[in-house]
Amino acid sequence: MASIKHTINVTVDLRLLALRLRETGRRFVRVHEIAYELGVSPKTAGKILKSMARLGYVVRWSDGVYMVLDDKKLRFRQLPVAGEMAGDEKYY
């Protein structure tokens, strides 16, 4: 009998997660809250928040708690539109 796999690998867009936290007015976020909301283990949620801290979206406040930063402009690459040079970055 073949075993059934109960997990999958997913990709989390950290920029979008940061935007969502900011838009909902979250000032502080706990590792366990992210774990619950994303349906991942607290260890995985901690890795997600640590990566967000490296990118400047949050800063570690205390053990298991991160402060959401709101002063960093989020940038992303857009496909060039006619008349724009490739590599131009848009800030929103």
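The values are calculated or read from the model by the stated rules, or taken from the named source; none is laboratory data. Computed from a predicted structure; not experimentally measured. Reconstructed Cβ throughout: ideal geometry from the backbone, glycine too, with neighbour counts over all protein chains shown.
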(request) Output the number of the condition that K50 fails; it satisfies all remaining conditions of (1) in contact with a Pro (Cβ under 6 Å, 6 or more places away or on another chain); (2) at pLDDT 95 or above. (result) (1)
(message) Considering only residues that are surrounded by 15 or more Cβ atoms within 10 Å (Cβ to Cβ) and among the basic types (K, R), which ones fall in the stretch 27-72?
(response) R30
(message) Against the conditions (1) out of contact with any helix residue (DSSP H, G or I) (no Cβ under 6 Å at 6 or more places or on another chain); (2) at negative phi; (3) in a loop (DSSP other than H, G, I, E, B), where does G25 fall short? Just the number, please.
(response) (2)
